[in-house]
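The values are calculated or read from the model by the stated rules, or taken from the named source; none is laboratory data. Because the structure is predicted, anything quoted here is derived from the model rather than measured. Cβ atoms come from the backbone with ideal geometry, glycine included; neighbour counts cover every protein chain shown.
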There are 2 protein chains.
Amino acid sequence: MRLKLLLVLAAMTLSAQTGDAPQFNSGDELALPKGYREWVYLSSGLGMTYGPAQSTDAANPNFDNVFVKPSSYRAFLETGHWPDKTMFILEIRRSHGKGSINNGGHYQGDVVSVEAAVKDEKRFPQKWAYINFARGDKAKPLPATSSCNSCHSQNAAVENTFVQFYPTLLDIATEKKTLNPAYVAKSAAE
Amino acid sequence: MRLKLLLVLAAMTLSAQTGDAPQFNSGDELALPKGYREWVYLSSGLGMTYGPAQSTDAANPNFDNVFVKPSSYRAFLETGHWPDKTMFILEIRRSHGKGSINNGGHYQGDVVSVEAAVKDEKRFPQKWAYINFARGDKAKPLPATSSCNSCHSQNAAVENTFVQFYPTLLDIATEKKTLNPAYVAKSAAE
């Protein structure tokens, strides 16, 4: 019994070490989570037109990579819902079309911009907020009237999240019946 | 002191639970690691021409996502080398060009094929082996004479791995001076 308690404590310690809870300073700025590249990867797109920080080079559009906090991911697998303090990172990278043995298609280059989505029911009346770090390591959330907020709240498949673009999670949400009714209706009409 | 030992044991238990060591059965087949989507993500490409399982649909080329065992990743960050029993997973997915709010570019769809690269110095005289699971859950390594082996051994940036396509790791290998001399010479000549 004592061992079990210690194992739980150890697991909590290890979890805390990954530092995946959103950290706001007294100036309402969110710190860019340093270890986000070790979070759970959800999916990537190339040149998707709804995204922010669009590439201006049509021949080499930007990639976007989406990561989510490991504890939020595990909760979603169980329930199809996002727990409070969920955090997503959207990493936007340049693409390259030719290099080394690659003669076609695109692979990823340097970071252009990093953005976050945070669910915090106490901090944000609208529950979800969007943060554009650009190339910095902290930034304030965009106002609740931002185009990020309106687009996510109107078009996302689960709560404010674009699960329709994350194939492994779309299966979970479909099974758990946690898709937004507006998304289901729009998909059926397409 | 006793607590410290228990914390170490707990960490080892948690690590073992992620089941990230290559598992070969008595028939020399590697088991597809079930949890690979929670491994560390390295990068993605779209329609890269060197890759296996090419899409036949030029308008919707395939994505490839690369994941590596968390313990191998952490060792690489420290040393710029891959430890024995390193395992990579290459997940190939269809792409879609239009859907939901996306009006351009590409996002990811269903899995087409899953492949692995394993470093095992005792099992393989050539150290690295390549395994094509296709859509199955186990498969035998390709022979040492396979095109995968020859291409990786001739063109990869670090040992047999295409670190030139993984931006975060290329910085580490450059700093640790673990790039293959042949790769460095070829890059300088380009």
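The table for this structure:
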{"read-out": "Residue selected from the range B:143-182 under the condition small (G, A, S) and in contact (Cβ under 8 Å) with a residue 24 or more places away in the chain, by the criterion farthest from B:N25 (Cα to Cα)", "value": "B:A182"}
{"read-out": "Which listed residue, of A:K85, A:K122, is more than 30 Å from B:E190 (Cβ to Cβ), surrounded by 15 or more Cβ atoms within 10 Å (Cβ to Cβ) and among the charged types (D, E, K, R)", "value": "A:K85"}
{"read-out": "Test: residue in the range B:140-148 that is closer than 21 Å to B:Y41 by Cα, at pLDDT 95 or above and not in a helix (DSSP H, G or I)", "value": "no"}
{"read-out": "Residue check, B:A144 closer than 23 Å to B:K177 by Cα, aliphatic (A, V, I, L, M) and surrounded by 15 or more Cβ atoms within 10 Å (Cβ to Cβ)", "value": "no"}
{"read-out": "Residue among B:T161, B:T178, B:T174, B:T168 that alone is surrounded by 23 or more Cβ atoms within 10 Å (Cβ to Cβ) and either out of contact with any helix residue (DSSP H, G or I) (no Cβ under 7 Å at 6 or more places or on another chain) or closer than 26 Å to A:F63 by Cα (or both)", "value": "B:T161"}
{"read-out": "Selection within the range A:76-133 - within 29 Å of B:Y183 (Cβ to Cβ) and of a type in the set (D, E, K, R)", "value": "A:E91, A:R93, A:R94, A:K98, A:D110"}
{"read-out": "Sole residue being of a type in the set (V, I, T) and either more than 10 Å from chain B (Cβ to nearest Cβ) or farther than 24 Å from B:K98 by Cβ (or both), chosen from A:T161, A:T168", "value": "A:T161"}
{"read-out": "Every pair of residues 6+ apart whose Cβ atoms lie under 9 Å, when the first sits in the range A:119-142 and is over 16 Å from A:V68 (Cβ atoms) while the second is modelled with pLDDT of 95 or more and of a type in the set (F, W, Y)", "value": "A:R123/A:F24; A:A139/A:F133; A:P141/A:F24; A:P141/A:F124; A:P141/A:Y130; A:L142/A:Y130"}
{"read-out": "Only one of A:I101, A:I89 that is free of Cβ contacts under 8 Å to residues at least 12 places away in the same chain, within 14 Å of chain B (Cβ to nearest Cβ) and aliphatic (A, V, I, L, M)", "value": "A:I101"}
{"read-out": "Those residues of the range A:21-31 which are in a loop (DSSP other than H, G, I, E, B) and either within 14 Å of chain B (Cβ to nearest Cβ) or not aliphatic (A, V, I, L, M) (or both), in sequence order", "value": "A:P22, A:Q23, A:N25, A:S26, A:G27, A:D28, A:E29"}
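Quick grid of which residues meet (1) at pLDDT 95 or above; (2) touching a strand residue (DSSP E or B) at 6+ places or on another chain (Cβ under 9 Å); (3) crowded, with 21+ Cβ neighbours inside 10 Å; (4) facing chain A (nearest Cβ under 7 Å):
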{"position": "B:P33", "(1), (2), (3), (4)": "yes, yes, yes, no"}
{"position": "B:S43", "(1), (2), (3), (4)": "yes, yes, yes, yes"}
{"position": "B:L46", "(1), (2), (3), (4)": "no, yes, yes, yes"}
{"position": "B:P52", "(1), (2), (3), (4)": "no, yes, no, no"}
{"position": "B:S55", "(1), (2), (3), (4)": "no, yes, no, no"}
{"position": "B:T79", "(1), (2), (3), (4)": "yes, no, no, no"}
